Amino acid sequence: MAEVKVKPEVPDPLEIENRIIELCHQFPHGITDQVIQNDMPHMEPQQRAMAINRLLSVGQLDLLRSNTGLLYRIKESQNAGKMKGSDNQEKLVYQIIEDAANKGIWSRDIRYKSNLPLTEINKILKNLESKKLIKAVKSVAASKKKVYMLYNLQPDRSVTGGAWYSDQDFESEFVEVLNQQCCKFLQTKAEAAHDSKQNPMIQRNSSFASSHEVWKYICELGISKVELSMEDIETILNTLIYDGKVEMTIIAAKEGTAGSVDGHMKLYRAVNPIIQPTGLIRTPCGLCPVFDDCHEGGEISPSNCIYMTEWLEF
């Protein structure tokens, strides 16, 4: 009697797609072709490819590249419809930009991660920009280079420079005005405490102001066209500390108190030196908080130190 070979039943395409999605949920970091093949060994490679391509085309899967090859990852629901109709290369570039978050990524790094030709990447970037899925942002770290990020993201301070930059130019005059006004506020508070004629300890404690108080004062002045944060004001107050015009102390504070962070609050007060400093201390190097990091050819060096330049001109 002749042996009868039973041909394995061909799975339904919809069942294949559903099983691939289930595998992606089991392995949220992504699955390879080998994982799918091990789970469904009787499936033909052509069937597997058709199911994956369909899931990619309808935006249910992400296509990623790793050291071991291509990875398929479930698409988050909020982004599922964005890349509908896009090819796999465009989806790969979009995913790389999405992973860079609000710090963005240079086209050179996109090329390195995607292993695509630069001409193809430029074409994809223009297409994604036209769809308002991504945007190009100039970085203060490199004036002639742009970083790419998702269209709806607010760029990180490391990209824009924060409140101190406008169109990549450092607003030195604006910083100087803030410096003067913060110092004036603390000096006025110190003078009021001194004129109160109370005992020295009460006078000293009354001369302190929190960074929140200084921030509120600057906001009420209306001298800034951009919204300043407490962190911005603390940066200005730190420059006053380095200049020897202000001192800071940290106290314990109740949670929820204005200006407190993790149960602590920074307090600042204007100070006047009792005696004039010696000649060496008067040089910028004598008070520089980054003296140990300063060397010729580094990011901090005497040749590009604005304090040294001003001191020499004086």
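The values are calculated or read from the model by the stated rules, or taken from the named source; none is laboratory data. Since this is a predicted model, take the numbers as computed values, not measurements. Note: ideal-geometry Cβ built from the backbone for every residue, glycine included; neighbour counts use all protein chains shown. With ligands, DNA and RNA removed, areas are computed over all heavy atoms of the protein, side chains included. Shrake-Rupley method; radii C 1.70, N 1.55, O 1.52, S 1.80 Å.
Take the conditions open to solvent by less than 50 Å² (accessible area, probe 1.4 Å), at negative phi and modelled with pLDDT of 85 or more and apply them to ALA270. Does it pass? So ALA270 passes the test. Does VAL214 fit the bill of being closer than 23 Å to ARG157 by Cα, touching a Phe, Trp or Tyr at 6+ places or on another chain (Cβ under 7 Å), surrounded by 14 or more Cβ atoms within 10 Å (Cβ to Cβ) and at pLDDT 75 or above? Taking the combined requirement at face value, the residue satisfies it. The condition of being open to solvent by 50 Å² or more (accessible area, probe 1.4 Å), modelled with pLDDT of 80 or more and outside any loop (DSSP other than H, G, I, E, B) holds for ARG73. Determine, yes or no, whether GLU220 is part of a loop (DSSP other than H, G, I, E, B), closer than 18 Å to LEU178 by Cβ and either of a type in the set (A, V, I, L, M, F, W, C) or open to solvent by 50 Å² or more (accessible area, probe 1.4 Å) (or both). It is false that GLU220 is part of a loop (DSSP other than H, G, I, E, B), closer than 18 Å to LEU178 by Cβ and either of a type in the set (A, V, I, L, M, F, W, C) or open to solvent by 50 Å² or more (accessible area, probe 1.4 Å) (or both). Here is the figure for the stretch 300-314: residues that are assigned to a loop (DSSP other than H, G, I, E, B), surrounded by fewer than 13 Cβ atoms within 10 Å (Cβ to Cβ) and at pLDDT 75 or above total 0.
Please verify whether ILE134 is closer than 18 Å to LEU153 by Cα, open to solvent by less than 50 Å² (accessible area, probe 1.4 Å) and at pLDDT 85 or above, treating the condition exactly as stated. So ILE134 fits the description; yes.
Among residues of the stretch 229-257 that are farther than 13 Å from GLN180 by Cα, those with a beta-carbon under 7 Å from a residue that is in a helix (DSSP H, G or I) and small (Gly, Ala, Ser) at least six positions away or on a different chain give the pairs MET230/SER211; ASP232/GLY162; ASP232/ALA163; GLU234/SER211. Among the numbered conditions (1) at pLDDT 80 or above; (2) touching a helix residue (DSSP H, G or I) at 6+ places or on another chain (Cβ under 9 Å); (3) under 28 Å from ALA190 (Cβ atoms); (4) not in a helix (DSSP H, G or I), the only one that GLU296 does not meet is (3).
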